[in-house]
Structures are given as C-alpha cells and as structure tokens.
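The values are calculated or read from the model by the stated rules, or taken from the named source; none is laboratory data. Source: prediction; values computed, not measured. Glycine gets a Cβ as well: all are built from the backbone with ideal geometry, and neighbour counts include every protein chain shown.
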C-alpha cells in the first residue's frame, strides 16, 4: 500500500507539473483567481486521474514490492515454512479490496461531482465557454416525435429554424415550426416565435361497401409567440462527456431510462460508461493475482524485467478495454458484454498465472 500511494502520488505530481506548464500562460493572462485554480481544477484533477491509473499502479506497485522480496529469497523462506501461495495472496487481496472498493465508490459517486466542477472550470476559463458547431440537429424527444433544429447556440440556449413532427404508423399527424426557440430559465419552458402549427386528421381504413371516401383534414394555426414544455432541455445539448461524466450512477440510470423511452440512438455511449464504472475497478483484483504470480519468483534480469513484462500486460488490458468499448458504441454488441470482455479474458490469464505460480 505504501508503494502504491508513493508511486501514484509521484505520477500525479508529474502530470500536474506538465499541466501547469501547458496552462501557465492562460492562468496568468486571464487573471483566474488562484483559489479557483487550486480548488476547482487541481483538487478535482487528482481524484479523476488518480482513479484512472489506479489499477495500473496497483499492478506496478505489486511487481516492484514483491520482486524485491523475491530477490532477497524471502518467498523461499515463507514457502519452506509451510505457508502456501494462497496464504501469501491473502494480504494482497485485502489491499486490492481496499483499492478496488475505493475506486468503485469514486467511480459511481465522487468522480462525477469532481468532473462537473473540473469541466465547469475548463469551459469558463480555458475553453471560453463551450459552443456547438453542429448543424441540422435531429433529436428524438418522445416516442414517434422528432425535434429538428437548423442550429443551436448553447451560450444563450436558443435554436434557430426548429420544427417538431409527430407520427403514427409512419404517417405525420402533427407538425410545428418556428423561427426561433429560446429557453426560459425561470419557468423552465421554451418560448417559440413566429409559430406555424398543422394538425392532420386522416382515415386509414375505409368501408368500400358504404362507399366511404378518404378523410384528410388539416388544421392550421399561426401564432406570433407560443410557450411550450417538452422532454428536451438545454442539458440535452451538452457535450457527451459533460453528460455522462458529470452524472452519478443513480442519475445516469434515470437518464438512460428516459432516453430509452424516447428511442434515442445514443444509448450505447451512456451504457458503456455505466458498466465501465464497475468493470474497471474489478481489474484491480485480476492484476493483483497476475502481479503476485509473476513477481514472486526470483528470475534473472531482476526487477526491471518483471516490471517491463507487467507494463506489457497492463498496456494489453487497456488496449482491449478501448477496442471493446469502441465496438460497443458502434452498436455491434451489447455494452455490458463489451465492457466486461477484457476482464473475462484476463480472468483466464490470472487463472493461468495462479496455477503456475511458485507453490
């Protein structure tokens, strides 16, 4: 645990130094209050990136600490005294439980709050406010209901040239268009200007024996202004990372349920984030078993060779995580299966090293 805390503190200090180097000009020219830099950015920076690299540095710490014990032939003495590999593994797994459990709580509840503060600071001082360049935006705001916006300015929460269409059995039953749609922050509703509404009534089934004729009626309404509430708010136009990274797990579950009900086609991004919050800390246990099994043997080449091999396995795990995450976001497989696949693969790797470990 001491090696883990020391190593991750050291790497975070290096990251902070390089980050200050990149942003020192912005910090000095924008007259950003020093207390905001410390509390809103770097204090939030530490848990976000510390938790991100936690499994990797758990692995490195185990290899570094254990290989030093193996180099001094301490494991030979322990095994000769009658203690088995499982007894040696026990304190390592307790340490992994402390680190992995802490990482799990951070992922589900603490990191989203830290990300919200950190992203807010970046948008305020570094990004000069986030603005979207998207054009011709389509959003599913309810079942069979589509919102279209030619453009959207998130700085003033205003859409230009918008329209809403409702369908039943692939036939349009309602159409609304307006020149502008602006968010009313007080009443939490939209204010539309130059509004045109069209309601369509049509008959699908006809009784030919009664010589019925098709019914197709349209009702048109023109209004200079109209207030409207819908299942769409300015938060829906935030960046994806601002959405799922700043929501804790209960909030993320509610958001996924709401987007699923609306028929959104971006559900995979949020489900991947939800499952990743649990799967990533689980890697701590697998890497602990692998790290101990690798480094408990005294080998030629010393600590450096074992650390290099450990880094290779860590990079392979991270690569698999990104590959399967990308596959999940494209919709080719279930997000749950894709996010947990690297852990399933490394379960077999951990089992192999456990069976072949020095007994």
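Going by the conditions given, is residue 195 under 34 Å from the mean Cα position of the chain (by Cα) and modelled with pLDDT of 85 or more?
Details: under 34 Å from the mean Cα position of the chain (by Cα): no; modelled with pLDDT of 85 or more: yes.
Considered against the rule, which asks whether it is under 34 Å from the mean Cα position of the chain (by Cα) and modelled with pLDDT of 85 or more, residue 195 comes out as no.
Quick one: would you say residue 111 is more than 29 Å from the chain's Cα centre (by Cα), crowded, with 18+ Cβ neighbours inside 10 Å, within 18 Å of residue 9 (Cα to Cα) and in the same structural domain as residue 319 (by TED's automatic domain parsing)? It is false that residue 111 is more than 29 Å from the chain's Cα centre (by Cα), crowded, with 18+ Cβ neighbours inside 10 Å, within 18 Å of residue 9 (Cα to Cα) and in the same structural domain as residue 319 (by TED's automatic domain parsing). Within segment 1-16, restricting attention to residues that are touching a helix residue (DSSP H, G or I) at 6+ places or on another chain (Cβ under 6 Å) and over 17 Å from residue 37 (Cα atoms), the residue that is surrounded by the fewest Cβ atoms within 10 Å (Cβ to Cβ) is 1. Each residue in segment 22-41 was checked for being surrounded by fewer than 16 Cβ atoms within 10 Å (Cβ to Cβ) and not in a helix (DSSP H, G or I), and 3 pass. Screening residue 44 on (1) at pLDDT 90 or above; (2) surrounded by fewer than 17 Cβ atoms within 10 Å (Cβ to Cβ) shows it passes everything except condition (2).
Taken together, the criteria exclude residue 82 from residues that are under 22 Å from the mean Cα position of the chain (by Cα) and surrounded by fewer than 14 Cβ atoms within 10 Å (Cβ to Cβ). If the condition is being touching a residue at least 60 places away in the same chain (Cβ under 8 Å) and surrounded by fewer than 14 Cβ atoms within 10 Å (Cβ to Cβ), then segment 52-75 contributes only 73.
For segment 245-279, the set of residues classified as surrounded by fewer than 20 Cβ atoms within 10 Å (Cβ to Cβ), outside any helix (DSSP H, G or I) and at pLDDT 90 or above consists of 248 only.
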